[in-house]
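Student: The structure follows.
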Amino acid sequence: MDKKKIFLVIVGIVITISIIGWSVTGYFVKNDSDIDKFAKCLSEKGVTMYGAEGCGHCKQQKEMFGDSFKYVNYVECPDKPDLCLEKGIKGYPTWIINGMLYLGAQSLETLSSLTGCNLK
């Protein structure tokens, strides 16, 4: 094999590994304990996600956290409509971070950037 073919094979392997490591939710698979720490940090900073059980985007957002979602402050709006109206929730999911509303599913990287919570 010449150097060009070897290079292309290596590039192909790197791309394949990257694709395998990339999840459909838009982030690299992380260690569960790292996600636990991240979710706990969000809660400690008062970050809250507002959503509804039947919301597909909410389901996608929850899947990004996996089992660690139990540490995220979460309000099920159909169960607490007055609170959600008071907070100005107009769609799901909505994150409230530092008093600002962020509509739609947010990547873990975006949540990290908005909050300063470390995402390893």
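The values are calculated or read from the model by the stated rules, or taken from the named source; none is laboratory data. This is a predicted model, so every value here is computed, not measured. We place every Cβ from the backbone using ideal geometry, glycine too, and count neighbours over all the protein chains shown.
Student: Can you tell me which condition Tyr50 does not meet? The list is (1) buried (at least 18 other Cβ atoms within 10 Å of the Cβ); (2) at pLDDT 95 or above; (3) not in a strand (DSSP E or B), and all the others hold.
Tutor: With respect to (1) buried (at least 18 other Cβ atoms within 10 Å of the Cβ); (2) at pLDDT 95 or above; (3) not in a strand (DSSP E or B), Tyr50 is out only on (3).
Student: Taking Cys58 as meeting all but one of (1) touching a Cys at 6+ places or on another chain (Cβ under 9 Å); (2) free of Cβ contacts under 8 Å to residues at least 60 places away in the same chain; (3) not hydroxyl-bearing (Ser, Thr, Tyr), write down the number of the exception.
Tutor: Here Cys58 clears every test but (1).
Student: Quick one: count up the residues across region 58-115 that are under 19 Å from the mean Cα position of the chain (by Cα), in a loop (DSSP other than H, G, I, E, B) and over 17 Å from Gly46 (Cβ atoms).
Tutor: Total satisfying the criteria: 5.
Student: Could you grab the pairs with beta carbons closer than 6 Å, sequence gap of 6+ or different chains, first residue in region 89-100 and farther than 13 Å from Ala52 by Cα, second one in a strand (DSSP E or B) and at pLDDT 95 or above?
Tutor: If the second residue must be in a strand (DSSP E or B) and at pLDDT 95 or above, the pairs left are Ile96/Thr48.
Student: Please go through (1) surrounded by 14 or more Cβ atoms within 10 Å (Cβ to Cβ); (2) closer than 17 Å to Lys120 by Cβ; (3) modelled with pLDDT of 60 or more; (4) among the charged types (D, E, K, R) for Asp32 and return the number of the only condition it doesn't satisfy.
Tutor: Unmet condition: (1).
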